[in-house]
1. Would you confirm, using the coordinates I've provided, whether residue 164 is buried (at least 19 other Cβ atoms within 10 Å of the Cβ), over 15 Å from residue 52 (Cα atoms) and out of contact with any strand residue (DSSP E or B) (no Cβ under 7 Å at 6 or more places or on another chain)?
2. Pairs under 6 Å by beta carbon, first residue under 16 Å from residue 300 (Cβ atoms) and in contact (Cβ under 8 Å) with a residue 24 or more places away in the chain in the stretch 181-206, partner more than 12 Å from the ligand (Cβ to nearest atom) and part of a strand (DSSP E or B), six or more apart or different chains?
3. In the stretch 50-72, which residues are closer than 26 Å to residue 300 by Cβ and part of a loop (DSSP other than H, G, I, E, B)?
4. Given the residues 185, 232, 195, which is the only one that is farther than 28 Å from residue 269 by Cα and modelled with pLDDT under 95?
5. Exactly one of (1) in contact (Cβ under 8 Å) with a residue 12 or more places away in the chain; (2) over 30 Å from residue 144 (Cβ atoms); (3) out of contact with any strand residue (DSSP E or B) (no Cβ under 7 Å at 6 or more places or on another chain); (4) not in a helix (DSSP H, G or I) is unmet by residue 242. Its number?
6. What number goes with the only condition from (1) outside any helix (DSSP H, G or I); (2) without any contact (Cβ under 8 Å) to a residue 40 or more places away in the chain; (3) more than 15 Å from the chain's Cα centre (by Cα) that residue 47 does not pass?
7. With farther than 15 Å from residue 194 by Cα, within 14 Å of the ligand (Cβ to nearest atom) and in contact (Cβ under 8 Å) with a residue 40 or more places away in the chain as the only criterion, which of 28, 35, 15 stands out?
8. Suppose we filter 8, 21 for residues that are on the phi < 0 side of the Ramachandran plot and away from the ligand (no atom under 13 Å from the Cβ); which single one remains?
Ligand code: GLU
């Protein structure tokens, strides 16, 4: 069996925003959406949106369409059709079959409790098993761990060996695909050349690079944006009850997000952000003007390098 992943030929910059629909967009996710959008557009590239809906227990009904309507309200218009991971299971199934054929994965029925009792890092207990009867996860036999990578913003990043070298999960015990597998398969097939996302995803990057290596696919470059936090160690997230973005005040939220990126938003836009608009078309034009201004200003040199910023 050949590798069932199509590697497209290069066609210029392609970036993406890939939210999990666990709730509506909040300021933290606006940072990832806007940062990836501005980076793509400043390179005259394409900006794609993918809904990472492979984990139903963590999802909220209707969140995907709320996210898409917020992006539209904020003038963040995507190129090409939105891809939904929930519609790509056949693809992940084929890749799983290929991995099995390569002998690259093995079944593991260890419980979280057993792994925690051994220090929390999986030690390869089941490596030699080819069959287990009970519900089990499938783990990658991680023969060639990738210990570091280059972040365009922060330079070389080295990840703890035990994390990079762990035989991580590809297919979960509950039957769901692991994020690591789906994200790599999709980023490859969508021809993503650069991944711009929040700094909470720095660590898993090395696992994703291990998969790129296994698939012999070209790797994207990476930019990790600072996380917006409500206090140190508490990034804005659904779990931390971050409020949904106010779609009625897109200019105000956009101005705040641009200032988060250290951009000196001109006074005129700040004044407009506090205006009550009666004409939706005027609001749309002003959003476009602000975004076009930001695309012109966008530069990695002035972006904050912190891993988190309290807002
Ligand atoms: N879907 C992931 C999330 O919302 C992000 C995926 C990615 O950008 O790689 O946390």
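The values are calculated or read from the model by the stated rules, or taken from the named source; none is laboratory data. Note that the coordinates shown come from a computational prediction; the quantities given were computed from them, not determined experimentally. Methodologically, a virtual Cβ is constructed for each residue, glycine included, from the backbone with ideal geometry; neighbour enumeration extends over all protein chains shown.
1. Yes.
2. Hits for this filter: 193/14; 194/221.
3. Residue satisfying the conditions is 52 alone.
4. Residue meeting the stated conditions: 232.
5. Exception for residue 242: condition (3).
6. Going through the list (1) outside any helix (DSSP H, G or I); (2) without any contact (Cβ under 8 Å) to a residue 40 or more places away in the chain; (3) more than 15 Å from the chain's Cα centre (by Cα), residue 47 breaks only (3).
7. Residue meeting the stated conditions: 28.
8. 8
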